[in-house]
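The values are calculated or read from the model by the stated rules, or taken from the named source; none is laboratory data. Predicted model only: the values in this text are computed from it and were never measured. Cβ placement follows ideal geometry from the backbone for every residue including glycine, while neighbour counts extend to all protein chains displayed. Calculation scope for accessible area: heavy atoms of the full protein, side chains included, ligands and nucleic acids excluded. Shrake-Rupley method; radii C 1.70, N 1.55, O 1.52, S 1.80 Å.
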Amino acid sequence: SGSGAFPTPVGQYAVTLAANQAGVLVSPVRQMAGGAQVFRLSRALRHRDVERMASAMRQGDANIEFVEPDRLMQPLALTNDAMLAQQWSLTDATAGIRAPQAWDRSTGKGITVAVLDTGVLPHADLAANLLPGYDFVTDLTMANDGNGRDANAADPGDAVAAGACGAGSAAGKSSWHGTHVAGIVAAAGGNGTGVAGVAHGARILPLRVMGRCGGYTSDIADAMVWAAGGSVAGLPANPNPARVLNLSLGGRGSCAQTTQAAINAARARGAVVVVAAGNANADAATVAPANCKGVIVVAATGRKGGKASYSNTGSTVTLAAPGGDGGGGILSTLNTGTAGPRADSYAAYTGTSMATPAVAGAVALMLAVKPTLTPDQVADLLKQSARAFPVACSKCGAGLLDEHA
C-alpha cells in the first residue's frame, strides 16, 4: 500500500527498482477508500523480504507516505461440537451477561450492526434481521464464489484442502463463521424457535471480508469505511450505515496504518468498532486489530465466568464476555454444509469470536436507548458497568460484560 497513485515518474521508479532488487514484478490492483494503492507481487516472498522491499520503496521516494504488507486476517473461533440446551451466556446468573433483564429496556431496534466476516447465510432464524450487504473479497481463489466484489454477501463456504493455505496447512470444512457471529448479535427473538440474539431487535449488515484461507487487511479496511457510510471507489453508497462494527478476526503483528486509518474513518462517522482479543492465550497487544487505537477489545470467559483458557489478555483488553470453553460453548445459527451451504442448523462454538458479538450486541442496545453516544462514551460506559469476574480473569479488562447495567 502507498499513499495515492504514483505522484511522479520518480515514484514509479522507486517501486520498480525495489521490486527488481527483490526479484519480483509489481502490478497495481486497485485504489482503496483512503487513497492508498494495493499492489500484487508476481510471487510469494518471506515476510522479512517484503518488509525490506517496503523500506526500499519508502527510501527511494519521499512522495511515498507508507508501504506495508497486506496481511491475512483469520476468523478467531474454536469449534465445539456440543449442543447446548440453553443459551447460558445470556441468562446464567454467574457467568452470563444478564440479557433478559436488559431486553426490558432495549432490544437494539433501529440500530445496524455490521458483521465483517466470512459472509452470512439467510438462516431462517436470521433472515428477518438481515440487510443487503456486500462482498469485499477481491482475490478470486480466496473468494470461492467465481467473482470479486459484488452485492452478494452470502457465504459460499471456506472449506480447504490440505496445503491450500500454505505448506503444511490443514484441511478444513466450511466454518460458517459469519453466520454464527451474526446469530449471536441479532438472531430473531420471540419467534418461538431457535435462539435469540443479544440485540434481537437490531439489523445485521453482512460484509464478506474473508474467504478460503482468511482475508486481506486491505479488503477489511475498505469494508470498515463503507460500513460506516464512507465512500469506496467503484462501490455504490451504503444505504444502511452501521453504528456498530463487529470484527471477530485478527492476525499476528502490529496495527497496520491501513487498518488504523479505516478505524479512524469509521469512528469519525460515529461508529463503534468492537474486535476480538484473539485465541492464543497470549498478549492481545501482539494481535491486530486488537492492538489498534480506538477499538473495544473483547476477551473471552468460560462457563464458570473466569478466563477461557485460550483467550488473549493484557493491557489493550477493554472487557470480557462469554466465549465458552470445555464446559460449554456459545450456541448460535449455523449450516450443515461441509463445503457449500446446505440446511439451517444450530451449533456451539467457542472463541473470542463468540465473545465479541455479545459486546457488539450490547452496544446496539445502548445506542438504541441513547443514539447520541460517541464511541468513547460507549467504551467508558461498558467499562464502568462491567461486573467483577466470579472466577479469576487476570488482565481481562474492566470486568465481565453486564448488559443490563
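Quick rundown of the values:
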read-out: Residue list for the stretch 229-254, restricted to those being under 24 Å from residue 376 (Cβ atoms) and either under 12 Å from the mean Cα position of the chain (by Cα) or open to solvent by less than 10 Å² (accessible area, probe 1.4 Å) (or both); value: 230, 242, 244, 245, 246, 247, 248, 249, 250
read-out: Unique residue being crowded, with 23+ Cβ neighbours inside 10 Å and without any contact (Cβ under 8 Å) to a residue 40 or more places away in the chain when the list is 298, 287; value: 287
read-out: Index of the failed condition, residue 130 passing every other in (1) under 20 Å from the mean Cα position of the chain (by Cα); (2) at pLDDT below 95; (3) within 16 Å of residue 361 (Cβ to Cβ); value: (2)
read-out: Residue list for the stretch 347-384, filter: touching a residue at least 24 places away in the same chain (Cβ under 8 Å), of a type in the set (S, T, N, Q), surrounded by fewer than 21 Cβ atoms within 10 Å (Cβ to Cβ) and part of a helix (DSSP H, G or I); value: none
read-out: Every residue from the stretch 179-217 that is more than 23 Å from residue 88 (Cβ to Cβ), within 13 Å of the chain's Cα centre (by Cα) and of a type outside the set (D, E, K, R); value: 205, 206, 207, 209, 210, 211, 214, 215, 216, 217
read-out: Residue count, the stretch 232-243 (criterion: polar (S, T, N, Q) and either over 17 Å from residue 208 (Cα atoms) or in contact with a Gly (Cβ under 8 Å, 6 or more places away or on another chain) (or both)); value: 1
read-out: Residue in the stretch 149-158 that is within 12 Å of residue 208 (Cβ to Cβ), among the charged types (D, E, K, R) and open to solvent by 50 Å² or more (accessible area, probe 1.4 Å) present; value: yes
read-out: Pairs with Cβ under 6 Å, 6+ apart, first in the stretch 44-62 and without any contact (Cβ under 8 Å) to a residue 12 or more places away in the chain, second in a helix (DSSP H, G or I); value: none
read-out: Criterion violated by residue 59 - all others in (1) within 17 Å of residue 216 (Cβ to Cβ); (2) at pLDDT 85 or above; (3) open to solvent by 80 Å² or more (accessible area, probe 1.4 Å) satisfied; value: (1)
read-out: Per-region count, the stretch 126-139, residues crowded, with 24+ Cβ neighbours inside 10 Å and under 25 Å from residue 192 (Cα atoms); value: 1
read-out: Failed item, numbered, when residue 315 is tested on (1) open to solvent by less than 10 Å² (accessible area, probe 1.4 Å); (2) more than 16 Å from residue 359 (Cα to Cα); value: (1)
read-out: Residue satisfying condition, being open to solvent by 10 Å² or more (accessible area, probe 1.4 Å), part of a loop (DSSP other than H, G, I, E, B) and either in contact with a Pro (Cβ under 8 Å, 6 or more places away or on another chain) or modelled with pLDDT under 95 (or both), within set 339, 405, 392; value: 392
